[in-house]
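Shown next, in C-alpha cells, is the structure this report addresses.
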Amino acid sequence: MILRRHNRILVFGLTGRQATFWAGKMIAYGAPIVGGVNPRKPGIQHLGLPVWASAKDASANCEFDTALLFVPTTAALSATVDALEAGAKVVICLTEHVPVRDVMKMVAMANRCHACLIGPNTAGLVTPGETFAGIMPAFNAQVFRPGEVGVVSRSGSLGTLVCLNLVQSGLGISAFCGVGGDPIIGTTSRQALAVMAVDRKTKAIVLCGEIGGSAEEEAAEYAATISKPVVAFVAGRSAPVGKRMGHAGAIVSGRTGTFASKVRALERNGVAVAHLPSAIPDLVADALQIRPQSRSGPET
Amino acid sequence: MADFCEHVGKVLLAEAGIAVPEGVLVRAASQAAAAFDELGECVVKAQVPVGGRGLAGGIQRAGNAEETARAANEILGMHIGDHDVTTLLIERQIQTCHEFYAAILNDTASRGPLLVFSTAGGMDVENSFTLAPAKSVKYSISLHTGLSFDTARRAVSHLVGGESVDSVADTLARLYDVYLDTDAELVEINPLAIDMTGKAMALDCKLVVDDSAISRQPALAAQKAHRPESRLETKAARSGLKYIDLDGSVGILANGAGLTMTTMDAVETYGGKPANFLEIGGEAYTIAGTATELLLDNPDVRSVLVNFCGAFARTDVMVKGVIESWKAIDPQVPVFFTVHGTGDREARAMIRRDLGLEPFENMDDAVRAAVAAGSSK
C-alpha cells in the first residue's frame with residue numbers, strides 16, 4: 001500500500017495526547033485528515049476537525065477511505081470492524097500488544113472486505129513530499145526526502161535509521177511501508193514488496209527484516225520474480241535464542257526464524273544482504289548503477 | 001510468552017471434556033507415597049514449563065509406595081531448564097496401544113489457527129515431519145467456522161485406526177475450544193494416547209498463552225509459570241521495560257525493537273559485546289531516565305551507547321530523561337550518543353549543553369567509540 005495525497009484519513013482516538021501530536025504533524029505535512037472518532041466525545045472539535053462517535057457516523061457526514069488507529073489494545077478489533085463496515089479501504093493499526101486472536105479476526109475481515117490492513121504494531125506509511133499517516137518522522141528532512149527507493153520495514157525505529165542512511169548518502173525515498181512487528185499482521189513484507197514492484201516511482205526496494213517468523217523467507221521468494229533490485233538488512237544476528245527481542249514477532253524458536261535462515265533465503269533469491277544499515281546505500285547505488293560521485297551528502 | 005505447567009493445562013483439558021489420567025499434585029515425598037495408595041502404579045512428573053523433562057530424569061514410573069517416594073525425593077530439588085522443581089504431578093499409569101501428537105497453534109503463514117497432527121507422538125515432532133511427512137497432517141482452521149467434530153474427523157481419519165477415530169476427533173474439537181478460550185499461542189497434547197479400550201487420552205499438555213492477551217485471562221494469569229529472570233530483568237519488568245541481560249560490557253540504550261537489535265549487531269560487528277538488550281520504544285520512551293538507571297545498575301557495563309532514531313519516540317524527551325538520570329548518578333563510565341529523527345535538533349543541543357558531549361553523526365562511529373572504550377580496562 002502506497003499512501004497518496006488523495007487518500008482521505010479518519011483518525012480513531014484523535015483526541016488522545018499522542019494522536020494530537022502526530023495528527024498535527026500529518027496535517028502540517030498536507031495529509032487530508034477529515035476528522036476523528038471517539039465514542040465518548042462525539043460532537044466536539046479537535047485540531048479544528050469534527051469528532052464522531054463512530055466511523056459509521058463519520059461516513060454519513062464526510063468521505064474517507066483510510067482509517068488510522070490510535071486506540072488502546074482492547075479497542076483495536078472493534079475500531080477495525082467499525083472502519084471496514086463504514087467503507088474504509090485501508091486500515092492502519094498503530095496499536096502494539098493487540099491480542100493475536102483479535103488480529104486474526106481483523107485480517108480475516110479485511111480480506112472479506114477486499115480492504116488493506118496495515119499492522120498492527122506498525123509505524124505507518126510515508127510517501128515523502130506527498131503525505132503520511134502514522135508515527136514516522138516524515139517531516140524530518142534528514143530522514144525523508146523524495147526519491148526512488150521503496151522501504152519496507154517491520155520496525156519503525158530501524159526503518160527510520162535505514163531511511164536516514166539512504167538520505168545521508170544522497171538517495172531518496174519513494175515510499176515507506178511499516179508492516180509491523182507483530183507475529184501476525186495484515187499486509188506482509190511480501191505483499192508490500194509486490195506493491196512497490198509495480199510503483200512507477202520506485203526503482204529499488206530495501207527490505208528491513210528481523211529475526212522471528214518467516215516473512216523474510218516469503219519476501220525473498222517473491223523478490224526473485226520481480227525485475228527491480230531488492231536490498232535487505234536483517235536485525236537480530238546477535239540475539240540469543242528463545243528470547244523475545246522487544247517485538248512480539250521477534251523470537252527464534254527452535255529452528256524457525258533464525259538470522260541464518262533468512263539471509264540464506266534472501267541471498268539464494270538474488271537479494272543483496274547488508275551486514276549493517278550503513279552498508280545499504282552502497283548496495284542500492286550499485287543496484288541502480290549510480291556512480292558514487294553523482295551522490296552527495298554529509299558523508300562524502 | 002506466558003508458559004504453563006502440565007497440571008494447569010490438564011485441568012483446562014479436563015474441564016473441556018478431554019480425558020486425562022487421574023492425578024494428584026504434591027510438594028513432598030510423603031505426599032507422593034500417599035498418592036500411590038490412592039492411584040496404584042503411577043508416574044511421577046516434574047512440574048516445570050519446559051520440554052525435555054523425561055531426558056533430564058524428571059519423569060519416572062513407580063510400582064509401589066516406596067518407589068514413588070524415592071522418585072519424588074530424587075525429582076524434587078532437580079534443576080531442569082533453569083527451573084527448580086518444587087511441584088510434582090503423580091498420575092495413574094496408563095497402558096497405551098498408540099501415541100499421537102496433536103496441537104493447535106497460531107500460524108503466521110495462514111494467519112489463523114493451525115491443527116498439527118502426527119502419528120509419531122511422544123518424540124521430537126519437528127524431526128518426525130521431515131523423516132515421515134506422510135504420517136502427519138497440518139490443517140488450517142477458519143476462525144469463522146471453527147473446528148467441528150466432523151471437520152476434525154475428516155482431517156485425521158487417514159492417520160487414525162477406525163476404532164479410535166471418533167474419540168480422537170472429539171478430543172481435537174474440544175482442544176480447539178481450549179485454544180479459543182485461553183487465547184493460546186499453542187496448546188499441545190504429546191502424547192495423545194489411545195488406551196486399551198480404544199479411547200483417546202491426553203498424557204501431557206503444553207500451553208502457551210499470548211502475552212498480549214494475558215490481561216483478559218485473569219484466572220490463567222494467576223497460574224502462569226514463573227520465568228527465571230535476573231535481578232535487573234525483574235526490576236525492568238516492574239517498570240514496564242523490556243530488558244534482557246547479556247554477558248558483554250557495552251551497555252546499550254536504544255528505542256524500538258528493530259533499532260535495539262541492530263545496535264547489538266553493530267556492537268558485535270565492531271568487536272564488542274553487548275551488556276544488555278534494553279529498548280524504550282512505544283510509550284516507554286517517556287521513562288528513558290528509569291531505563292538509564294537500570295542500565296547503570298549492571299556492574300559489568302564499561303561504556304554506554306545511546307542510539308536513538310526517533311519515530312514515535314521523541315528523541316528530545318528521551319535524551320532529557322537520560323541526562324537527568326546521568327547527572328543524578330554521575331557514573332564513572334563514558335557515554336556515546338547518536339541521535340536522529342523526531343526531536344533530534346533539540347536533543348543534540350541538550351547533549352552538548354548539559355553533558356558537554358558531541359553526539360556522533362552516524363551510528364557506526366558511535367558504536368566503534370563505545371566498543372573501544374568498553375574493551376579497555
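The values are calculated or read from the model by the stated rules, or taken from the named source; none is laboratory data. Note that the structure is predicted; figures quoted are calculated from it, not measured. Heads up, the Cβs are rebuilt from the backbone with ideal geometry, glycines too, and the neighbour counts pull from every protein chain shown. What goes into the accessible areas is simple: the full protein's heavy atoms, side chains included, and nothing from ligands, DNA or RNA. Shrake-Rupley method; radii C 1.70, N 1.55, O 1.52, S 1.80 Å.
Spatially, region A:187-215 and region B:73-95 are offset by 48 Å when compared through their Cα centroids.
The mean sequence separation of alpha-carbon pairs under 8 Å and at least six residues apart, normalised by the residue count of chain B, gives a relative contact order of 13 percent. Considered as an equivalent ellipsoid built on the Cα gyration tensor, chain B has semi-axes of 50, 25, 17 Å, the largest given first. Taking every alpha-carbon pair within region B:258-325, the share separated by more than 16 Å comes to 47 percent.
Evaluated over the Cα positions of region A:140-294, the convex hull gives a direction-averaged projected area, one quarter of its surface, of 8.4 nm². Both the radius of gyration and Dmax for the protein assembly as shown are 26.8, 85 Å, in that order, over alpha-carbon atoms. Here the average projected area of the convex hull drawn through the C-alpha atoms of region A:9-118 stands at 6.2 nm². Estimated from helical segments only, the mean residue ellipticity of the protein assembly as shown at 222 nm is -10000 deg cm²/dmol, where each DSSP H run of four or more residues counts as -39500 (n - 2.57).
Summary of packing: across the peptides B:147-158, B:105-116, B:298-309, the per-residue average of other C-beta atoms within 10 Å ranks them, highest first, as B:298-309, B:105-116, B:147-158. Helix A:259-268 and the longest principal axis of the Cα set of chain A meet at an angle near 70°. Rg over Rh for chain A works out to 0.98, using Cα positions for both radii and the Kirkwood form for Rh. In terms of the mean number of neighbouring beta-carbon atoms within 10 Å, the peptides B:13-21, A:43-51 order highest first as B:13-21, A:43-51. Each principal axis of the Cα atoms in region B:11-98 has its own extent, and those three values, largest first, are 33, 27, 24 angstrom.
Extension gain for residue B:327-residue B:157 works out to 54.4 nm (0.36 nm per residue, less the C-alpha to C-alpha distance). For a straight C-alpha distance cut-off of 30 angstrom, the lysines reachable from residue B:235 (same-chain residues fewer than eight places away being disregarded) are A:243, B:206, B:224, B:273, B:320, B:327, B:377. Across chain A, the relative contact order, built from alpha-carbon pairs under 8 Å that are at least six residues apart, equals 14 percent. Calculated accessible area for the protein assembly as shown comes out at 39 Å² per residue, all protein chains present (probe 1.4 Å; ligands, DNA, RNA ignored).
Based on the convex hull around the alpha carbon atoms, region B:49-190 presents an average projected area of 10.3 nm².
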